[in-house]
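The values are calculated or read from the model by the stated rules, or taken from the named source; none is laboratory data. Note that this is a predicted model, so its numbers are computed, not measured. Cβ: placed from backbone, ideal geometry, glycine included. Neighbour counts: every protein chain shown.
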Amino acid sequence: MREVAPVQILVTGGAGFIGSHLCERLINAGEEVICLDNFFTGSRDNIAHLLDNPRFELIRHDVVEPIRLEVDQIYNLACPASPIHYQFNPVKTVEANVMGTLNSLRLAQDVGARILQASTSEVYGDPTVHPQTEAYRGNVNPIGPRACYDEGKRVAETLMMDYHRQDGVDIRIARIFNTYGPRMDEADGRVVSNFIVQTLRGEPLTLFGTGEQSRSFCYVDDLVEGLIRLMNAEGIHEPVNLGNPHEFTMLELAEQIAELFGTPSSVRFCPLPEDDPTQRCPDISRAGLLLGWAPRIELREGLQRTIADFQRRLAKAPERGGQRATARRASERQGNGEGVMPSKLFQSESPNLRT
Ligand SMILES: NC(=O)c1ccc[n+]([C@@H]2O[C@H](COP(=O)([O-])OP(=O)(O)OC[C@H]3O[C@@H](n4cnc5c(N)ncnc54)[C@H](O)[C@@H]3O)[C@@H](O)[C@H]2O)c1
C-alpha cells in the first residue's frame, strides 16, 4: 500500500516519444498523470496502454492556449523535436516554445506547481567548446533554419529563470541531448531511426558529410530517470545537462547497426545540412554531483531494444511512418493553420534529414 497521496503531474507533450515513456514511468510509480498533447508529432498509439488506467488522463490541447489544471508538478515537453517536424512550421515552433512555456509557467505560478522545462543541447548551437558544460553560452545562428527551435528553447530557458527570479516559481531546466529508444517516430529523420528503418527496408544508409561528425546517444529510460530525479531534487534552478557522454561518429553508429542486424549495409553520402553541429557531447558532471545520475544502458543494448520495437511496428504497417505523419499534419491543418507536409520530406534524399 502506498503511504503518501499520489502526486498530480501534468506532462505536456505526453503522447510523444519521451513524454510517453515519462507518463508510463510516473504511472508505474503510483502517481496521477494528466497527459496533454495536440498530437502534432505524438500519437495515441504511444499511450494506448495507459488509457484504461484510472490514474491516467488524456487531454487534447495546444500549449499555445492557456489551460487551468490543479497539479503539483509540470513537465513541459510539448514541442516538435526533430528538424523535419520543427521546420515544417517554424513560426508555430517558436509559439510552442515561447507561448507554451509562458502558459505552463503561468499555470505553475497560479497553482503553486513545480515546473521542469525540457530544454535541449541545441541551446549550445554548433559548439566551440567540447564537451559542453552548462556554463557554455552557445554558438547559435539566430536567423538560420534551426533558429525557431534553438532560439525558441533559449527564450524558454530565459522565461523559466525570469519567472523564478521575479515570482519565485520553482523551476527545473533539463538540457536534453540526443535521446533514442522505442516509440521514436519512424519518419522523424533522426539518425538512429533512419538507419534502423533503412536497414529494415533494405535501403542504403544515408550519411551526411563524411560521416565523421559525432553525437552521443542516451537511451530513453536513462533520460527519464534523469528527468524524474531532477524534478524531485530540491533547490536546483540552474540548467542541468542530461545525456550520454559516450561519443560515436555517424560511421561508427552505422557499423554498430549493421553488426546488430548481421547484414552489411551500403551507404549513400549526402551534403551536410545548414548549421549542422559537427560535434555534440554533454559534460554531465553537474547531473552526477547533484542528482547522482549517469546513463547506464550501453548503446548496443539500447539499439537492440529499439530495433526490436521498430521491427514490431514496421511488421504491422510497413509504410505507416509516412502515412501517419502526412495524415497527422492534415488533421493539424484544421486546428493550427498548418499545411499538409509534402510526402517527399519523408524520403531519405531530403537535405533536412539529420541527427
Ligand atoms: N528526443 C530528443 O533527442 C530530444 C533532445 C533534446 C530535447 N528534447 C525535447 O524533449 C521534448 C520531447 O521530445 P520528443 O523527442 O519526445 O519529441 P516528440 O515530437 O516525440 O514529442 C513532442 C510532443 O509534443 C507534442 N506537441 C508539439 N507541439 C505541441 C503543442 N503546441 N501543444 C501540445 N502538444 C504539442 C507533440 O504532439 C508530441 O507528442 C521536446 O520538448 C524536445 O524539444 C528531445
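Write out, first by first residue and then by second, each pair whose Cβ atoms fall under 6 Å of each other, whose residues are 6+ apart or on separate chains, and whose first residue, in region 15-44, is without any contact (Cβ under 8 Å) to a residue 60 or more places away in the chain while the second is near the ligand (Cβ under 6 Å from one of its atoms) and among the charged types (D, E, K, R).
What qualifies is Ala15/Asp37.
Could you go through region 217-226 and let me know if any residue there is in a loop (DSSP other than H, G, I, E, B) and within 13 Å of the ligand (Cβ to nearest atom).
yes
From the list Asp162, Asp188, Asp170, pick out the single residue that is within 30 Å of Gln73 (Cβ to Cβ) and either within 11 Å of the ligand (Cβ to nearest atom) or of a type in the set (S, T, N, Q) (or both). Show your work before the answer.
Details: Asp162 fails: either within 11 Å of the ligand (Cβ to nearest atom) or of a type in the set (S, T, N, Q) (or both); Asp170 fails: either within 11 Å of the ligand (Cβ to nearest atom) or of a type in the set (S, T, N, Q) (or both).
Exactly one residue qualifies, and that residue is Asp188.
When residues of region 68-92 are filtered for being of a type in the set (A, V, I, L, M, F, W, C) and part of a strand (DSSP E or B), how many remain?
Going through region 68-92 one residue at a time, the tally reaches 1.
Does region 3-10 include one or more residues that are modelled with pLDDT under 95, buried (at least 17 other Cβ atoms within 10 Å of the Cβ) and either within 13 Å of the ligand (Cβ to nearest atom) or under 18 Å from Ala113 (Cα atoms) (or both)?
Yes.
When you look at Val129, is it assigned to a loop (DSSP other than H, G, I, E, B), surrounded by fewer than 18 Cβ atoms within 10 Å (Cβ to Cβ) and in contact with a Phe, Trp or Tyr (Cβ under 6 Å, 6 or more places away or on another chain), yes or no?
The answer is yes for Val129.
Please enumerate the residues belonging to region 149-165 that are of a type in the set (Asp, Glu) and either under 18 Å from Asp276 (Cβ atoms) or at pLDDT below 95 (or both).
Asp150, Glu151, listed by residue number.
Within region 93-125, how many residues are surrounded by fewer than 22 Cβ atoms within 10 Å (Cβ to Cβ), part of a helix (DSSP H, G or I) and touching a residue at least 40 places away in the same chain (Cβ under 8 Å)?
Number satisfying all stated conditions: 8.
Being modelled with pLDDT of 95 or more and in a helix (DSSP H, G or I) is the filter here, so list the residues in region 227-260 that pass it.
Within region 227-260, Leu227, Ile228, Arg229, Leu230, Met231, Asn232 meet the criteria.
Collect the residues in region 24-56 that are surrounded by fewer than 17 Cβ atoms within 10 Å (Cβ to Cβ) and closer than 17 Å to Ile9 by Cβ, keeping them in residue-number order.
Listed by number, the residues that qualify are Asn28, Ala29, Gly30, Leu51, Asn53, Pro54, Arg55.
Which residues, taken from region 37-96, are under 17 Å from the mean Cα position of the chain (by Cα), more than 6 Å from the ligand (Cβ to nearest atom) and of a type in the set (A, V, I, L, M)?
Correct list: Ile47, Ile74, Ile84, Val94.
Check off (1) over 19 Å from Leu107 (Cβ atoms); (2) more than 15 Å from the ligand (Cβ to nearest atom) for Glu24 and give me the number that stays unchecked.
Answer for Glu24: the failing condition is (2).
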